[in-house]
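**Q** Input: one structure, supplied below.
The values are calculated or read from the model by the stated rules, or taken from the named source; none is laboratory data. Because the structure is predicted, anything quoted here is derived from the model rather than measured. Virtual Cβ from ideal backbone geometry, glycine too; neighbours counted across all protein chains shown. Just the protein is used for accessible areas: all its heavy atoms, side chains included, with ligands, DNA and RNA removed. Shrake-Rupley method; radii C 1.70, N 1.55, O 1.52, S 1.80 Å.
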Amino acid sequence: YNFELCLPQAVAVSAVCCWPFVCVVRNLQESTTLCFVNLIVLVGVVVLVLGSLVLQGRSPGVHAPIVADHLTFSSFFGASTNVLYGYAGHWLYFELMTEMEKPEEFMKVFGINAPVQLAAYILTSMLAYYYVGSAAQSSGLLFAMPQSVWFSVASFLLFAHVIVVFLIKTVVLTRFAVSHFSPGSEKSSELRDRLIYAGWATVVLVVGSLAALAIPFFSQFLGLIGGLFAAPISYLFPVLFYCGAVGRTTPEQEDAWSMPMTSMDGAVDDISADQFVWGNVRRISRIARFGFLLILAVVALVAVAGTISEIRSIIKAVGTEGAPLSCQLLHPG
């Protein structure tokens with residue numbers, strides 16, 4: 001951008017750019033092409049940023065120790081919340097499966113997406129740390145690029161990527177709201193129902209904008225989301241769902257999940273859903289159980305310690321950069 005803008009003005013411009021898309025797109029199937037284009041856009045941004053770093057070369061003064069200086073328990077787990085955020089989109093897997101004609105085919109995605117995603121994260125982080133080192137800004141690697149036309153191109157592509165990501169998640173949240181407050185409108189093509197959907201999509205957009213202004217610190221905001229929401233949704237719930245699904249391997253157990261558990265005289269047994277889930281854990285191999293417990297322990301530690309660290313960072317940032325909803329002038333870059 002070439003103009004000085006207050007943060008609320010920049011958020012308003014972004015919201016206006018998103019508004020037509022969130023009001024029109026109503027199903028994840030309608031965003032399939034957008035998702036593919038979004039992947040190409042994101043790859044383009046990464047190539048531009050990393051290519052710029054490689055062309056500039058590694059400065060002799062770059063400091064990149066194996067273990068970061070002044071690393072503490074709090075800072076380690078605070079940074080780990082951003083790693084959790086990197087996989088925060090996994091909750092969409094459940095939404096995607098519900099719209100598939102053959103949900104069992106979804107498992108094929110893990111043979112491609114998981115390795116590619118992990119390799120991309122590792123490659124990007126290692127190259128960036130080698131060329132930038134501890135001088136990397138929390139606002140992102142984009143600002144390590146020189147101010148040129150390619151910086152503007154990468155900025156535009158990154159903005160387009162964020163719009164698509166926001167659109168996909170808004171579709172899910174809006175459909176949830178519409179299905180509860182105006183059942184049937186989320187699938188109807190009538191003008192009235194489309195307007196209802198657009199109204200709820202606008203509400204979601206406004207709430208998202210207010211959240212961005214309430215915590216106007218990019219890295220800390222993502223870390224807070226990673227610690228508070230990504231930890232249970234992307235790591236805890238899938239493990240519990242799997243433990244519950246293990247019990248659905250026989251017709252008798254399938255029926256047990258679809259109707260109340262009753263004894264011979266018709267009285268409801270004192271078997272709760274959580275007892276039924278944990279009872280299925282015995283059917284899982286010991287290695288899998290150990291893996292699950294390790295995941296839960298690490299995620300719980302990151303969620304608690306990391307969230308506390310991010311909250312402290314936000315309080316510190318408020319004192320140095322300005323209070324939420326304040327101008328926080330963005331200088332031309």
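**Q** If I ask for residues that are of a type in the set (Gly, Ala, Ser) and either outside any helix (DSSP H, G or I) or at pLDDT below 85 (or both), which ones from the range 293-333 would you list?
**A** From the range 293-333, those of a type in the set (Gly, Ala, Ser) are 297, 300, 303, 305-306, 309, 313, 317, 319, 322-323, 326, 333; that's our starting set.
If the condition is that a residue be of a type in the set (Gly, Ala, Ser) and either outside any helix (DSSP H, G or I) or at pLDDT below 85 (or both), then 317, 319, 322, 323, 326, 333 are the ones that fit.
**Q** Looking at the range 63-101, which of its residues are exposed (fewer than 15 other Cβ atoms within 10 Å of the Cβ) and farther than 26 Å from residue 229 by Cβ?
**A** Residues satisfying the conditions are 63, 65, 66, 67, 69, 70, 101.
**Q** If you go through the range 90-109, how many residues are out of contact with any helix residue (DSSP H, G or I) (no Cβ under 8 Å at 6 or more places or on another chain) and in a loop (DSSP other than H, G, I, E, B)?
**A** Total satisfying the criteria: 2.
**Q** Which members of the range 127-184 meet the condition of being more than 25 Å from residue 55 (Cβ to Cβ) and of a type in the set (Phe, Trp, Tyr)? Step through it out loud before you land on a result.
**A** So in the range 127-184, the residues more than 25 Å from residue 55 (Cβ to Cβ) come out as 162-184.
Matches in the range 127-184: 166, 176, 181.
**Q** Under 6 Å between Cβ atoms, at least 6 apart or on separate chains: pull out the pairs that start in the range 286-304 with a residue that is open to solvent by 80 Å² or more (accessible area, probe 1.4 Å) and end on any residue that is hydrophobic (A, V, I, L, M, F, W, C).
**A** As it stands, the answer is none, since no pair meets every condition given.
**Q** Among the numbered conditions (1) within 23 Å of residue 26 (Cα to Cα); (2) open to solvent by less than 50 Å² (accessible area, probe 1.4 Å); (3) of a type in the set (A, V, I, L, M, F, W, C); (4) under 19 Å from the mean Cα position of the chain (by Cα), tell me where residue 231 comes up short.
**A** Result: residue 231 passes all but (1).
**Q** I need every pair where a residue in the range 305-317 that is of a type in the set (A, V, I, L, M, F, W, C) has its Cβ under 6 Å from the Cβ of a residue that is assigned to a helix (DSSP H, G or I), sequence separation at least 6 or different chains.
**A** Within 6 Å, the pairs are 305/77; 314/220.
**Q** Of all residues in the range 129-153, which are over 14 Å from residue 86 (Cβ atoms) and small (Gly, Ala, Ser)?
**A** Once the filter is applied, which keeps residues that are over 14 Å from residue 86 (Cβ atoms) and small (Gly, Ala, Ser), the range 129-153 yields 133, 134, 135, 136, 138, 139, 144, 148, 152.
**Q** Could you list, in sequence order, all residues of the range 60-88 that are among the hydroxyl-bearing types (Ser, Thr, Tyr) and in contact (Cβ under 8 Å) with a residue 60 or more places away in the chain? Steps first, please.
**A** Of all residues in the range 60-88, those among the hydroxyl-bearing types (Ser, Thr, Tyr) come to 72, 74-75, 80-81, 85, 87.
Those that are among the hydroxyl-bearing types (Ser, Thr, Tyr) and in contact (Cβ under 8 Å) with a residue 60 or more places away in the chain: 74, 75, 80, 81, 85, 87.
**Q** Within the range 169-184, is even one residue at positive phi and touching a residue at least 40 places away in the same chain (Cβ under 8 Å)? Quick ask: steps written out before the conclusion?
**A** First, the residues of the range 169-184 that are at positive phi: 184.
With touching a residue at least 40 places away in the same chain (Cβ under 8 Å) added as a condition, the list becomes none.
Looking through the range 169-184, none of the residues is at positive phi and touching a residue at least 40 places away in the same chain (Cβ under 8 Å).
**Q** Considering only the range 136-158, state which residues are in contact with a helix residue (DSSP H, G or I) (Cβ under 8 Å, 6 or more places away or on another chain), among the hydrophobic types (A, V, I, L, M, F, W, C), under 22 Å from residue 223 (Cβ atoms) and at pLDDT below 85. Show your work before the answer.
**A** Filtering the range 136-158 down to residues in contact with a helix residue (DSSP H, G or I) (Cβ under 8 Å, 6 or more places away or on another chain) leaves 136-142, 144-146, 150-151, 153-155, 157-158.
Narrowing the set further to residues that are among the hydrophobic types (A, V, I, L, M, F, W, C) leaves 136, 141-142, 144-145, 150-151, 153-154, 157-158.
From the residues that got through so far, the ones that are under 22 Å from residue 223 (Cβ atoms) too are 136, 141-142, 144, 158.
Hits for the range 136-158 are 136, 141, 142, 144.
**Q** Shifting gears a bit: For the range 75-88, check the following and say yes or no: at least one residue is among the β-branched types (Val, Ile, Thr) and more than 15 Å from residue 163 (Cα to Cα). First the steps, then the outcome.
**A** Going through the range 75-88, the residues among the β-branched types (Val, Ile, Thr) turn out to be 81, 83.
Narrowing further to those that are more than 15 Å from residue 163 (Cα to Cα): 81, 83.
Among the residues of the range 75-88, at least one is among the β-branched types (Val, Ile, Thr) and more than 15 Å from residue 163 (Cα to Cα), which makes the answer yes.
**Q** Please list, ordered by residue number, the helices (runs of 4 or more DSSP H) wholly in the range 110-228 having 1 or more residues that are open to solvent by less than 60 Å² (accessible area, probe 1.4 Å) and touching a Leu at 6+ places or on another chain (Cβ under 6 Å). So that I can check it myself, show each step before the final result.
**A** Numbers: elements: 113-132, 149-181, 191-214, 218-225.
Where helices (runs of 4 or more DSSP H) fall fully within the range 110-228 and carry at least 1 residues being open to solvent by less than 60 Å² (accessible area, probe 1.4 Å) and touching a Leu at 6+ places or on another chain (Cβ under 6 Å), they are 113-132, 149-181, 191-214.
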